[in-house]
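Each remark here refers to the structure printed beneath this line.
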Amino acid sequence: MAQHPDHQAANQKLDNTLPATDDAATPNSALETRASPGSASTEEHRAQAPSSVRCFVLTVSDTRTEADDAGGALIRELLEAAGHQLVGSRIVRDDKISIAEALSQAMDGLGDPEVIVATGGSGIGPRDVTPESVCPRVIKEMPGFGEEFRRLSWAEIGAAAMLSRAFAGVIGRTLVFVLPGSPNAVRLAMEKLIVPELGHLVREVRPERREG
């Protein structure tokens with residue numbers, strides 16, 4: 001539909017007052033920076049991250065054994081497939097003292113794990129005490145992990161995601177992740193969150209591990 005001459009004149013005047021935004025003449029690097037500020041810094045940190053880190057796996061369960069510890073086995077499988085070093089694993093009962101002792105022994109062991117991944121005991125049942133056993137030693141929390149895990153879980157299990165108390169933090173110079181016992185939840189956390197950023201996270205906690 002043809003515009004009234006007065007409207008055409010007004011539109012032309014408006015166009016003349018707007019700053020030019022010729023993306024075709026803008027370097028690609030500038031466009032990328034404008035679209036995702038800070039991404040260059042993140043990529044630089046990832047490039048400096050160690051490709052292999054030392055890991056310990058802790059399964060918390062009253063019933064699991066080495067023969068049927070599906071969650072712990074999956075964690076070990078995914079870590080080793082990503083090129084990380086497994087320095088030990090253990091199964092302990094849902095008991096605060098047992099969990100705390102296992103955590104201390106793992107951190108003080110010869111393997112010097114840079115990462116401890118625990119599975120089990122993160123729900124709201126009477127025997128779910130892993131968070132209470134680990135949290136007192138945490139010096140820095142990483143709330144984004146638990147938040148993002150529950151957001152991703154929502155897509156799979158809906159509102160039941162709120163029952164999970166999965167979390168992560170730093171004890172001394174060791175990263176600690178507490179995951180649910182469900183293999184499906186373990187796979188979600190490992191594949192979507194932990195494995196892709198593990199070297200990057202260790203780089204932040206242990207600056208001397210930076211490469212490149």
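Among residues of the stretch 76-108 being touching a residue at least 60 places away in the same chain (Cβ under 8 Å) and touching a Ser or Thr at 6+ places or on another chain (Cβ under 6 Å), the one that is nearest to G125 (Cα to Cα) is M107. Candidates in the stretch 147-162 are the residues that are surrounded by fewer than 10 Cβ atoms within 10 Å (Cβ to Cβ) and of a type in the set (A, V, I, L, M, F, W, C); of these, the one that is farthest from R187 (Cα to Cα) is A159. Screening S104 with (1) among the small types (G, A, S); (2) touching a Phe, Trp or Tyr at 6+ places or on another chain (Cβ under 6 Å); (3) within 15 Å of V57 (Cα to Cα) gives one miss only, at (2). Look at the stretch 188-201: where a residue is touching a residue at least 40 places away in the same chain (Cβ under 8 Å) and under 15 Å from P143 (Cα atoms) and a partner is part of a helix (DSSP H, G or I) and charged (D, E, K, R), sitting 6+ places away or on another chain with Cβ atoms under 7 Å, you get L193/E148. The criterion of being surrounded by fewer than 20 Cβ atoms within 10 Å (Cβ to Cβ), at pLDDT 95 or above, of a type in the set (D, E, K, R) and in a helix (DSSP H, G or I) holds for R187.
In summary, E80 fulfils each of the numbered conditions (1) more than 25 Å from E208 (Cα to Cα); (2) in a helix (DSSP H, G or I) with the single exception of condition (1). Consider the stretch 113-130 and keep the residues that are surrounded by 22 or more Cβ atoms within 10 Å (Cβ to Cβ) and small (G, A, S). The one that is farthest from L198 (Cα to Cα) is G121. Anything in the stretch 105-141 that is under 20 Å from the mean Cα position of the chain (by Cα), in a loop (DSSP other than H, G, I, E, B) and under 23 Å from P183 (Cβ atoms)? List them, or say none. Matches in the stretch 105-141: P113, G120, G121, S122, G123.
Only residues that are among the hydroxyl-bearing types (S, T, Y) and touching a Ser or Thr at 6+ places or on another chain (Cβ under 8 Å): list them for the stretch 116-169, please.
Start the filter on the stretch 116-169 by keeping residues that are among the hydroxyl-bearing types (S, T, Y), which leaves 119, 122, 130, 133, 153, 164.
Passing the criteria: T119, S122, T130, S153, S164.
Would you say S89 is surrounded by 14 or more Cβ atoms within 10 Å (Cβ to Cβ) and among the polar types (S, T, N, Q)? Criteria met by S89. Taking the stretch 174-211 as the range and being touching an Asp or Glu at 6+ places or on another chain (Cβ under 9 Å) and more than 16 Å from I116 (Cα to Cα) as the test, the residues that pass are N184, A185, L188, K192, R209.
Of the residues A40, A67, A73, A82, which is modelled with pLDDT of 50 or more and within 18 Å of the chain's Cα centre (by Cα)?
Working: A40 fails: within 18 Å of the chain's Cα centre (by Cα); A67 fails: within 18 Å of the chain's Cα centre (by Cα); A73 fails: within 18 Å of the chain's Cα centre (by Cα).
Only one candidate passes the filter, namely A82.
The values are calculated or read from the model by the stated rules, or taken from the named source; none is laboratory data. Note that the coordinates shown come from a computational prediction; the quantities given were computed from them, not determined experimentally. Note: ideal-geometry Cβ built from the backbone for every residue, glycine included; neighbour counts use all protein chains shown.
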